[in-house]
1. Would you mind telling me which numbered condition in (1) among the polar types (S, T, N, Q); (2) assigned to a helix (DSSP H, G or I); (3) closer than 20 Å to G90 by Cα T160 fails?
2. Out of the residues in the range 114-139 that are open to solvent by 60 Å² or more (accessible area, probe 1.4 Å) and aliphatic (A, V, I, L, M), state the one that is nearest to Y100 (Cα to Cα).
3. Looking only at residues in the range 50-86 that are part of a strand (DSSP E or B) and of a type in the set (S, T, Y), which one is nearest to the chain's Cα centre (by Cα)?
4. Would you please name the residue that is modelled with the lowest pLDDT, looking only at residues in the range 203-225 that are outside any loop (DSSP other than H, G, I, E, B) and open to solvent by 80 Å² or more (accessible area, probe 1.4 Å)?
5. What's the number of the only condition in (1) touching a strand residue (DSSP E or B) at 6+ places or on another chain (Cβ under 7 Å); (2) in contact (Cβ under 8 Å) with a residue 12 or more places away in the chain that T160 fails to meet?
6. Does A66 satisfy being more than 19 Å from F107 (Cα to Cα), open to solvent by less than 70 Å² (accessible area, probe 1.4 Å) and modelled with pLDDT of 95 or more?
7. Looking at the range 69-88, which of its residues are aromatic (F, W, Y) and open to solvent by 40 Å² or more (accessible area, probe 1.4 Å)?
8. Out of the residues in the range 180-202 meeting the condition of being within 14 Å of N84 (Cα to Cα) and in contact (Cβ under 8 Å) with a residue 40 or more places away in the chain, tell me which one is surrounded by the fewest Cβ atoms within 10 Å (Cβ to Cβ).
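The values are calculated or read from the model by the stated rules, or taken from the named source; none is laboratory data. The structure displayed is predicted, hence computed values, not measured ones. Here the Cβ positions follow ideal geometry from the backbone for every residue, glycine too, while neighbour counts run over all protein chains shown. The protein model used for the area step is the full one, side chains on, heavy atoms only, and it has no ligands, DNA or RNA in it. Shrake-Rupley method; radii C 1.70, N 1.55, O 1.52, S 1.80 Å.
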Amino acid sequence: PCAARIVAVQVENYRTRTFTLDRHLAARPGQFVMVWLPGVEERPLSLIAGDPVAFTVAQVGPFTAALHQLGPGDRVWVRGPYGNGFELRGERLLCVGGGYGVAPMLFVAREALRMGLQPRAIVGARTSADLLFLDRFAALGCPTLAMTDDGSAGQRGLVTDGIRQALREGPVDEVYACGPRAMLEAILHLCQEMRLPCQLSWENKMRCASGICGTCEEDGWIVCREGPVRRWGIDDE
């Protein structure tokens, strides 16, 4: 791992912060880095940008609690980027993020706009307090639909409801998504039903990030090396 200094910390909501470092990596949307805090542990974190390196972290355990105690000028150690990221295809992209999975979707939308493509976004969360990055998507000029389980912001419903609405509003060439496993499984089922190609970013426990230790193996698939992004075409099961 290489030492990096935190240059900015932005509070996103009641338990989520975005950290920007003084390092620059040639990373693609969907890739991740391993972040090490000496004396605590090392964890994989999805990137929202590579130039400079930035990642968004919710406080959910000892590692993230320790990270949230840090501020500008403090150091962390980073290695990567790792994994296979998203491959931008077609002109009309639909970026779907649930919970903290919104982070790499912002990276996808930013890169798509840089390439002259037409991204739209769906951001899902349990409540309005849990929503992330609506302001950042707006700043990009990316049309965005918010979905909440309780209807406290945006529309009430699941991101799959949002996908169906987006398809009614205009054609989509490919769906890109990151979020909880149940959400991704529902999106995969819907895309297969609608005969729509999709790329999904799957999460699993990772330790080495290079496919050696086998910790993230699932059904013969090494998530850190062969993923975390997998693509399904319209005829794939």
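1. (3) is the only condition that T160 fails.
2. Ranking the candidates gives L134 first.
3. Out of the qualifying residues, it is T56.
4. Ranking the qualifying residues of the range 203-225, first place goes to E217.
5. Condition (1) is where T160 drops out.
6. Answer is yes for this residue.
7. The answer is W77, Y82.
8. Q199
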